[in-house]
Amino acid sequence: MYFSNIVSNEARSIHENANQYSFTWRLVVVSLLCCLATVFQSAGGFIPIIGLFISPLSTAPIMICSIISIRLGILSYFSTVFLLFILQPSELIVFPFTTGLLGVGMGIAFLSFKSRLSILVCGCAALFFGIISVLYLIKFPLLGPMASTSFNLYITGGILLFSLLYTWIWLEVSVICLKRIKKKFVS
C-alpha cells in the first residue's frame, strides 16, 4: 500500500505551472538552479569534510530542473558538468554518473510515473547503472579501496542495495520538498 501511493501530483502541478511562464523565465530559473548544483557539488573539493555532506545536495536542483522541463533538466545536467569542468575538474567523474544522473532520473520519473515504487525503481536504476558504469566500464575506483574495478557479485549487490536506500531517502525528501514548493509558488 505504501509503495503504491501516488506521489507525483505536486511535481505535475509544478511542471504545469512552470509552463505558464515564458521560456526566458524558465531558462533563468534553470540556470540559477544549475549554478546552485555546481556550488553544491564543488563543496566536496573546496570545503574539507563538511563539503562531503553538502555535495549530495546537488541532486535536488537538477531534479527540480527536470520537473520544470525534461529538456531543460537535461540541459542543466550538461551545463553543470561544463561548469564543474571549469571550477572543480575532480568532480567530473562523480557528478555525471551519480548525483546528477539521479537528479535527472528522478525528475523524469516524477513526470512519467505516479506511484512511489515506480519512481523509486527509476531513480535507483539511474544511480545503480551510473555507479556500475564508472566502476566497471571506466575502471575508476569511485568507492575507493572498498571496491575493486573488476566485477564482483557481492560488491554489485551492495551497490544495488545502497542505490535503493539512497534513492528512497531522496524520494521521501523530494516528496516533502515538492509539497512545500507547490504550497509556496503554485497558485
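So here's what we get for this one:
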read-out: Some residue of region 135-155 being farther than 21 Å from PHE3 by Cβ, β-branched (Val, Ile, Thr) and modelled with pLDDT of 90 or more; value: no
read-out: Tally of residues being of a type in the set (S, T, N, Q) and under 22 Å from the mean Cα position of the chain (by Cα) across region 11-31; value: 4
read-out: Test set (1) under 11 Å from the mean Cα position of the chain (by Cα); (2) of a type in the set (Ser, Thr, Tyr); (3) under 27 Å from GLY144 (Cβ atoms); (4) modelled with pLDDT of 95 or more - THR99 fails condition number; value: (4)
read-out: Count of region 145-187 residues which are of a type in the set (Lys, Arg) and touching a Leu at 6+ places or on another chain (Cβ under 6 Å); value: 0
read-out: Residue satisfying condition, being in contact with a helix residue (DSSP H, G or I) (Cβ under 8 Å, 6 or more places away or on another chain) and of a type outside the set (Phe, Trp, Tyr), within set ILE49, ILE62; value: ILE62
read-out: Condition met for SER115 (modelled with pLDDT under 95 and within 22 Å of GLU10 (Cβ to Cβ)); value: yes
read-out: Out of MET63, MET1, sole residue that is hydrophobic (A, V, I, L, M, F, W, C) and modelled with pLDDT of 95 or more; value: MET63
read-out: Of residues in region 145-165 being exposed (fewer than 14 other Cβ atoms within 10 Å of the Cβ) and among the small types (Gly, Ala, Ser), the one nearest to LEU117 (Cα to Cα); value: GLY157
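Matching residues to (1) among the polar types (S, T, N, Q); (2) assigned to a helix (DSSP H, G or I); (3) under 19 Å from ILE119 (Cβ atoms):
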{"position": "GLN20", "(1), (2), (3)": "yes, no, no"}
{"position": "ALA37", "(1), (2), (3)": "no, yes, no"}
{"position": "GLN41", "(1), (2), (3)": "yes, yes, no"}
{"position": "SER66", "(1), (2), (3)": "yes, yes, yes"}
{"position": "ARG71", "(1), (2), (3)": "no, yes, no"}
{"position": "SER76", "(1), (2), (3)": "yes, yes, no"}
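The values are calculated or read from the model by the stated rules, or taken from the named source; none is laboratory data. Keep in mind it's a predicted model, so treat the numbers as computed, not measured. Neighbour counts are summed over all protein chains in view; Cβ atoms, including those assigned to glycine, are modelled from backbone coordinates with ideal geometry.
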